[in-house]
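Engineer: Handing you a structure now.
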Amino acid sequence: MITDSLGNKYEVEQGRVKKLERGLPFVVDEKPDLQVASVIPGLYLSSQDPVVCSDILKKYKIGHILSIGINISEKFDDIRYYNSDLLDLPESDIMPSIKECVDIIHANRKENILVHCNAGVSRSPAIIIAYLMTTMKLSYNEAYEKVKGARSCIKPNDGFVRQLQSIENTSLDKL
């Protein structure tokens, strides 16, 4: 079965294309991902699912939540929220988000900050990799391996990877 970018489904049988019922142009994730990964002390990474679970947030003593490219509808009074707009597209310029988010993370790590996007696979790991590169002077590969070790499913999109590699050995004030 093939699904095109508009959600049209097709089946190819013996060289003939048969159109099936229309679906969504993306995979619907019906299983919650409640994993919260500790990357370094005070810095956590997840999908969007744990940010609406007060028990999980209390377990990790999360005081701040940084949402990358997503708005959270359910918020808790004892947590401070931050947003950064970033589309998960290879052509998206990640640099403005890096500058904004690294400052937010750095200012709030002492009170535990959770950084997340929709799936916790591309955008939020890319931001955390940038944070490690710019504040701990890690190479892209070192930062990637550190984040991958904490959350094995990460996979920043190719455009983000290229941009992150281009800022190796660059301090935040030079971005």
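The values are calculated or read from the model by the stated rules, or taken from the named source; none is laboratory data. This structure is a prediction, so every number in the text was calculated from the model and none was measured. Here the Cβ is made from the backbone with ideal geometry for all residues, glycine too, and neighbour counts use every protein chain on show. These area figures cover heavy atoms from the full protein model, side chains too; ligands, DNA and RNA do not enter into them. Shrake-Rupley method; radii C 1.70, N 1.55, O 1.52, S 1.80 Å.
Engineer: For a quick protection proxy, order the peptides 51-59, 35-43, 97-105 by their average other-Cβ count within 10 Å, most packed first.
Structural biologist: Averaged packing, sorted descending, gives the order 97-105, 35-43, 51-59.
Engineer: Label region 90-175 by shape, choosing from rounded, prolate and oblate, from the square roots a ≥ b ≥ c of the eigenvalues of the Cα gyration tensor; if a/c is under 1.5 it is rounded, and otherwise prolate applies when a/b is larger than b/c, oblate when it is not.
Structural biologist: Since a/c stays below 1.5, the shape of region 90-175 is classed as rounded.
Engineer: Between Ser166 and Arg80, what's the calculated FRET efficiency when r is the beta-carbon distance and R0 is 25 Å? Round to 0.05.
Structural biologist: For Ser166 and Arg80, the calculated efficiency is 0.20.
Engineer: From the residues Tyr82, Gly149, Val51, which one has its Cα farthest along the dipole of region 32-168 in the positive direction, the dipole being from +1 and -1 charges on Cβ of Lys/Arg and Asp/Glu about the Cα centre?
Structural biologist: Looking along the dipole axis, the top candidate is Gly149.
Engineer: Could you list which residues have their amide H under 5 Å from that of Asp33, counting only those 5 or more apart in sequence or on another chain, with H placed in the peptide plane?
Structural biologist: Here the answer is Asp49, since their amide H atoms fall under 5 Å of that of Asp33.
Engineer: May I pose another question? Under a crude label model (7 Å from the Cα following the beta-carbon direction), how far is Cys153 from Ile72 in nanometres?
Structural biologist: Placing both labels 7 Å beyond Cα along the Cβ direction yields 1.8 nm.
Engineer: Once you keep just the Cα pairs under 8 angstrom separated by 6 or more residues, what percentage relative contact order results for region 32-168?
Structural biologist: With pairs under 8 Å counted, the relative contact order is 28 percent.
Engineer: For Asn83, which sequence-distant residues (separation of 5 or more, or a different chain) have an amide H within less than 5 Å of its own amide H, given hydrogens modelled in the peptide plane?
Structural biologist: For Asn83, whose amide H was placed from the backbone, the distant partners under 5 Å are Ser67.
Engineer: Counting only protein heavy atoms and a 1.4 Å probe, tell me what percentage of region 25-168's accessible area is made up of carbon and sulfur.
Structural biologist: Carbon plus sulfur share of accessible area: 50 percent.
Engineer: In this model, which of Lys61/Lys99; Lys31/Lys155; Lys61/Lys155; Lys58/Lys110; Lys75/Lys99 are farther than 23 Å apart at the alpha-carbon?
Structural biologist: Lys61/Lys99; Lys61/Lys155; Lys75/Lys99
Engineer: Shifting gears a bit: Once phi is turned into ³J(HN,Hα) by the Karplus curve 6.51 cos²θ - 1.76 cosθ + 1.60 with θ = phi - 60°, what whole-Hz value does each residue of region 107-116 show in order, with x for glycine and proline?
Structural biologist: My calculation for region 107-116 gives 6, 10, 4, 5, 10, 6, 10, 9, 9, 8 Hz in order.
Engineer: How large is ³J(HN,Hα), in whole Hz, for each residue of region 57-74 in order, when computed from phi with the Karplus curve 6.51 cos²θ - 1.76 cosθ + 1.60 and θ = phi - 60°, using x for Gly and Pro?
Structural biologist: 4, 5, 4, 8, 6, 6, x, 9, 10, 10, 9, 9, x, 8, 9, 9, 7, 9
Engineer: Once phi is turned into θ = phi - 60°, what whole-Hz ³J(HN,Hα) does the Karplus curve with 6.51, -1.76 and 1.60 give for every residue of region 144-151, x standing for Gly and Pro?
Structural biologist: So the Karplus estimates, Gly and Pro as x, are 4, 5, 5, 5, 4, x, 7, 9 Hz.
Engineer: Rounded, prolate or oblate: which fits region 32-168, taking a ≥ b ≥ c as square roots of the Cα gyration tensor eigenvalues, rounded meaning a/c under 1.5, else prolate when a/b beats b/c?
Structural biologist: Here region 32-168 falls in the prolate category.
Engineer: Ok, one more. At 1.4 Å probe radius, can you tell me the per residue accessible area of region 32-168 in Å²?
Structural biologist: Counting only protein heavy atoms, the per-residue value for region 32-168 is 47 Å².
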